[in-house]
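Data block below; observations after.
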Amino acid sequence: MLVVSKILELYKGSSFPVKIQTNNGNTYILKMKGAGNGAKSLIQEFIVNRVGHLIGFPIPNVQPVLIPDEFPWTFGTDEFDDLVKKSFGINLALDYIENQRDKIEIELNSLNEELRNQVKAIDFFFKNFDRTIQSNNFLKDQTGKIWIIDHGSCEFLNDSLMKESKLLPSNHIYKSEPVQNDPYLIKILQFDFEPFIQEVPKSWLNEIGLQKNDLRLILRNRVQWILSAFSS
């Protein structure tokens with residue numbers, strides 16, 4: 001497992017993302033379990049990013065990373081230092097995008113059809129309530145490539161929210177566009193989630209009172225509900 005060796009830079013954001021260096025010498029973005037909704041957010045981001053990345057979406061890959069108990073936590077503000085102390089143990093590392101620029105000004109309707117379909121598919125399946133006009137959660141790298149980021153607020157662990165509608169959330173940037181025949185949604189429906197369910201750290205699941213079989217059933221039920229809803 002990766003181990004945090006150095007904190008390089010703090011970023012703005014409700015989840016307190018941090019640029020880090022790990023024991024393999026590489027750079028990642030760290031998201032800590034002490035922030036926001038804790039382990040629930042890490043599980044959601046882990047599964048969404050792993051699925052999207054492996055299918056081929058422009059979504060950063062992720063993996064667990066350890067903040068050791070003896071890690072020197074005095075770095076930023078008192079609030080941040082307290083957050084690090086609360087996050088000793090297994091957290092989440094996202095691949096670092098070189099020369100990244102967030103909060104980019106883009107014309108949403110100008111995104112190519114492939115990217116739009118990928119966004120709609122991943123956000124619909126995993127019920128992302130946090131891709132809005134005010135916060136579109138896109139990132140652009142030095143080549144101009146746009147990345148789809150920030151999936152800790154997806155609500156696929158909340159089964160009641162999963163079954164509300166055949167549409168994207170009402171605040172979504174593409175709320176008025178259909179998803180039924182989205183080719184990338186079909187790829188998600190056909191995806192084998194099992195390898196990534198097995199990779200979810202047990203400590204995260206314990207923190208929110210779930211087991212791996214619960215994740216398995218939630219995802220299986222979501223697939224079955226979508227197939228049934230769109231076949232009628």
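Please treat every number below as a calculation from the coordinates, not as lab data. Computed from a predicted structure; not experimentally measured. Here the Cβ positions follow ideal geometry from the backbone for every residue, glycine too, while neighbour counts run over all protein chains shown.
A few points about this structure:
- Bridge orientation summary for the chain: considering DSSP beta bridges with both residues in this region, about 95 percent are antiparallel.
- Spin-label model, residue 21/residue 145: points 7 Å from Cα along the beta carbon direction are separated by 2.4 nm.
- Whole-Hz Karplus values for segment 2-7 come out as 4, 10, 5, 10, 7, 8 Hz, taken residue by residue from phi with 6.51 cos²θ - 1.76 cosθ + 1.60 and θ = phi - 60°; glycine and proline positions read x.
- Estimated from the Cβ-Cβ distance and a Förster radius of 41 angstrom, the FRET efficiency linking residue 1 and residue 129 is about 0.85.
- Helix 212-231 vs. the chain, principal-axis angle (Cα, 0 to 90°, nearest 10): 30
- Potential extension, residue 211-residue 187 segment - 0.36 nm per residue separation minus Cα distance: 6.1 nm
- When you count the other C-beta atoms within 10 angstrom of each residue and take the mean per peptide, 138-146, 60-68 line up highest first as 60-68, 138-146.
- Loop GluC sites (Glu not before Pro), segment 160-232 (other Cβ atoms within 10 Å of the site Cβ: 11 or fewer; DSSP): 164
- Equivalent-ellipsoid semi-axes of segment 2-95, from the Cα gyration tensor, Å, largest first: 22, 14, 12
- Distance between modelled label sites at residue 177 and residue 81, nm, 7 Å Cα→Cβ extension: 4.6
- For residue 172, no residue 5 or more places off, or on another chain, has a built amide H under 5 Å of its own.
- Sorted by Cβ density within 10 Å, fewest first, the residues 31, 187: 187, 31
- Compactness ratio for segment 105-231: Cα radius of gyration over 2.2 N^0.38 Å (N = residue count) comes to 1.11.
- Taking 114, 45 and counting other C-beta atoms within 10 Å, the order from fewest to most: 114, 45
- Scanning residues 5 or more positions from residue 128 or on other chains, those with amide H under 5 Å from its amide H are 155, with H placed 1.01 Å from N in the peptide plane.
- Sorting 96, 11 by the number of Cβ atoms found within 10 Å of their own Cβ, with the fewest placed first, yields 11, 96.
- When restricted to Cα atoms, the chain yields an Rg and a Dmax of 17.6, 57 Å, respectively.
- Put simply, the amide H of residue 147, placed in the peptide plane, has neighbours under 5 Å in 139, 140, 141, leaving out anything fewer than 5 places away on its chain.
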